[in-house]
Amino acid sequence: MHVFVTGSTGWVGSALVEDLIAAGHRVTGLARSETKAAALAAAGAEVLHGTLDDLDTLRHAASAADGVIHTAFNHDFSKFAENSEQDRRAIEVLGGALEGSDRPLLVTGGVALLAPGRVATETDVPERIPSYPRQSEAAARALLARGVRATTIRLSPSVHGIGDHGFVPILIGMARQKGMSAYLGEGLNRWPGVHRLDAARLYRLALEGGAREPAYHGVADEGVPFKQIAEVIGRQLGLPVESRGREHFEWFADFAGLDMPASSALTRSQLGWEPTGPDLLTDLDQPGYYAQA
């Protein structure tokens, strides 16, 4: 299968490209710089130069592919609304190029705001939250309603592994800066997790399975108490672990307080996906995790 991948040099995307090629697929990846293009070519993929703003480039690449996987997103939170709109436009263009065919489009979403306080499942449909501008899954579902074979891979808030530059390294950096590893309140709110390589394999299995469901869950750990995450970070850094109020976490407070457990039972039964990587706490309990955070 010829697969067009956006975000092909990113944290999940680079692992996905390697997994797809190892499984015998031909991959074309979008790269926005010469350095990223070189890394993509070294992995064995064909390089397409461009960005998510190059809509004609996206349209032509999707038209020429047997399937499309969209993992790209600009995580500069100072421009979150602008980046969310860029994402929505890209999804619309990619899906439009596939409309009228049976070729799948896989879009990246998350479980974080799906069903706060209870275990979210793949059958849950996210509600529109006016204060949260990212609408990747909403864009995919709009395409699905038009007959496009679109599905959303909902990732855990922690897609972990050595080299991680997501939410957990933010907590590590905050602990170093403030001299303590903190949790909010009692720290009983739960974060799902999935290893990066397991997440990459999920995308491939969903693609090969024809993307038959509106959503799949990239969840290995259903819900790790936030306090336990803080405890591992504190132990590795040799810092005290304490409960703190929202002000301690500054802009990250909303994320730090989310209770967002999620199941992947349907995903596992439909796709035969079984995570094999280390769980979140085991991964965090390695010195290598702190060498680059």
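When residues in region 207-252 are screened for being small (G, A, S), surrounded by fewer than 18 Cβ atoms within 10 Å (Cβ to Cβ) and either over 21 Å from L280 (Cβ atoms) or in the same structural domain as V17 (by TED's automatic domain parsing) (or both), 3 of them pass.
The sole residue among R204, R176 that is of a type in the set (K, R), touching a Leu at 6+ places or on another chain (Cβ under 7 Å) and surrounded by 18 or more Cβ atoms within 10 Å (Cβ to Cβ) is R204.
Quick check on E242: is it at negative phi and assigned to a strand (DSSP E or B)?
Details: at negative phi: yes; assigned to a strand (DSSP E or B): yes.
In short, yes.
This table checks each residue for (1) of a type outside the set (S, T, Y); (2) over 30 Å from L105 (Cα atoms).
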| residue | (1), (2) |
| --- | --- |
| A215 | yes, no |
| G218 | yes, no |
| L237 | yes, yes |
| S264 | no, no |
| Y290 | no, yes |
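Per-residue answers, yes or no, for (1) of a type in the set (A, V, I, L, M, F, W, C); (2) on the phi > 0 side of the Ramachandran plot:
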| position | (1), (2) |
| --- | --- |
| N189 | no, no |
| G210 | no, yes |
| H217 | no, no |
| A230 | yes, no |
| Q236 | no, no |
| W251 | yes, no |
| A265 | yes, no |
| L281 | yes, no |
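Only a single item in (1) closer than 23 Å to T151 by Cβ; (2) at pLDDT below 95 is not met by G257, and it is number (1). Scanning region 243-251 turns up no residue that is touching a strand residue (DSSP E or B) at 6+ places or on another chain (Cβ under 6 Å), under 30 Å from V148 (Cα atoms), modelled with pLDDT of 95 or more and of a type in the set (D, E, K, R).
The values are calculated or read from the model by the stated rules, or taken from the named source; none is laboratory data. Here the structure is a predicted model, which is why all the values come from computation and not from measurement. Here the Cβ is made from the backbone with ideal geometry for all residues, glycine too, and neighbour counts use every protein chain on show.
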